[in-house]
Every structure is written in C-alpha cells, then in structure tokens.
Amino acid sequence: MNKIKILGTIAVAITATIAISSCKDKRSTGWEYAPNMYEHLAYDPDQINDNFKDGKTAQVPPAGTTPIGFVRFDYPNSKDGYEKASVEVKSTLPQTQANFTEGKLLFTSYCSPCHGLSGKGDGLVVAHGFPAPPSYSTGVSSRGGNMKDLTDGKIYHTITYGVNAMGSYASQLDPTERWKVVMYVHHLQTL
C-alpha cells in the first residue's frame, strides 16, 4: 500500500507542476531549443551596418565579377553588337535530337504566340492587331538581310536583348535554352 501511496503522490505532484507551469504565461512559447535557428544574427539587406564604410549592408559586387551560374554575353545591345555577335558567336551545343526537341518545345511556349508554330509570323497576337514578325524562311529582317540567313549569333543576340516589338527573353530562357531555340529556328529557316 505504501508503494501505491508514493506513486499516487508523485503522479499528483507531476500533474500539478505541469498544470501550474503551463498556465503562468499564455504568450510564452516554452523552452527554446536551438534559438539561433529562428533568431538570426545576420543583418537584413536594408539595415544599417557599421562593418562597412558607407554603413550599408547590401553592397554592390566588385567590378568585373560574375555571379555563380551567370553566363556572360559581352556583346552590347546595339547594331554593332548585333553584327559582331553575328561573326563571333557560334553555338557549342551538341546537335542532338533531345536538344532539338526541347528547342521546339521552348519555341512553342515562348515564341509561337508571335512567330507562329511554323515561324511564318502568323502567331495569335497578329490576330489581335499586333504587327506580324517576319517569316523565318521568306521574310526580311528589320536589321537588314533575309531571315533565312540569320546566324547563330544574330538569333542569340535577338533572344537575349529583343528587337522592335519583341522584348528580351533573357529572364525567361537561360543561355542553354536560348541555344536550343536557336537550333530550332535554324530548322524553321529551311521550311
């Protein structure tokens, strides 16, 4: 009987301790385990920071640096940059069926609304009153020359910077995807 009395007293004491400690502060989250996981010590980007001369936390990267994963395209968005890219820029992407198929899929998603599925400049936006882009096989480029004679560099430059009513697709297509679209556009030039 003594054991039951002792166990009962312990159980009542534990229950009372839990009840009292859980009711004292409704706003308390309880014990903190590894508080540095949610109370960060790092500065916020817009916070004043005495570690730098200008007092800003968000610093401009050093001149001439390239972010990880970024691929440079050192041709300016100008007629001269376009012509220079025409001569110097060539695709290094392997001419495989998988790359061609993905290029076709990307072209269908991003380019066909204006250029049409076959690259004839008969996309859906033309039906809504927008000017038709030139056909890849028979059209004349606004920068001079026939569309069927566009080189890798010219197409890549145009996708990267845009031209006329066409905006830049650099934020939608990474460099590898742009080369796949270039591969598919070359196919459309022969139709």
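Can I get the semi-axes of segment 61-161's equivalent ellipsoid? Compute them from the C-alpha gyration tensor as square roots of 5 times the eigenvalues, in angstrom, largest first.
The equivalent ellipsoid of segment 61-161 has semi-axes of 26, 18, 15 Å.
I'd like to verify something in the chain: which complete DSSP H helices, judged by Cα projection on the helix axis, reach 15 Å or more and average at least 0.5 on the Kyte-Doolittle scale?
Qualifying helices, which must be both long enough and hydrophobic enough, are 2-23.
Using the structure shown, select from Lys104/Lys180; Lys154/Lys180; Lys84/Lys180; Lys90/Lys148; Lys79/Lys180 the pairs with a Cα to Cα distance greater than 19 angstrom.
Lys84/Lys180; Lys79/Lys180
In terms of modelled amide H atoms, which long-range or inter-chain residues lie less than 5 Å from the amide H of Lys56?
Asn49
For the chain, with only Lys/Arg (+1) and Asp/Glu (-1) charged at the beta-carbon, what is the dipole magnitude about the Cα centre, in debye rounded to 20?
Charge dipole of the chain: 560 debye, to the nearest 20.
What ranking do 5-14, 65-74 get when scored by the average of other Cβ atoms within 10 Å per residue, highest first?
5-14, 65-74
Where nothing but the Cβ of Lys and Arg (+1) and of Asp and Glu (-1) is charged, how large is the charge dipole of segment 79-189 around its Cα centre, in debye to the nearest 20?
The dipole magnitude comes to about 140 debye.
If you keep only loop residues by DSSP, which GluC sites (Glu not before Pro) in segment 33-136 have at most 11 other Cβ atoms within 10 Å of their Cβ?
Glu39
Please list the non-local residues whose amide H lies under 5 Å from the amide H of Asn146, H modeled 1.01 Å from N, same-chain partners needing a gap of 5 or more.
Ser141
Where the centroid of each part is defined by its Cα atoms, how far is segment 4-20 from segment 147-178 in Å?
Distance between centres, Cα-based: 75 Å.
For n ≥ 4 DSSP H runs only, could you compute -39500 (n - 2.57) per run for the chain, divide by its residues and tell me the 222 nm figure to the nearest 500?
Only helices count here, giving -12000 deg cm²/dmol.
For the chain, restrict the atom set to alpha-carbon positions and state the Rg and Dmax in Å.
31.5, 105
Compute the separation of the alpha-carbon centres of segment 56-73 and segment 81-123 and state it in Å as a whole number.
28
No value in this document is a laboratory result; all are computed from the given coordinates. Just so we're clear, the structure is a prediction, and the values are computed from it rather than from any experiment. When we count neighbours, we look across all protein chains shown, and the Cβ atoms used for this are built from the backbone with ideal geometry, even at glycine.
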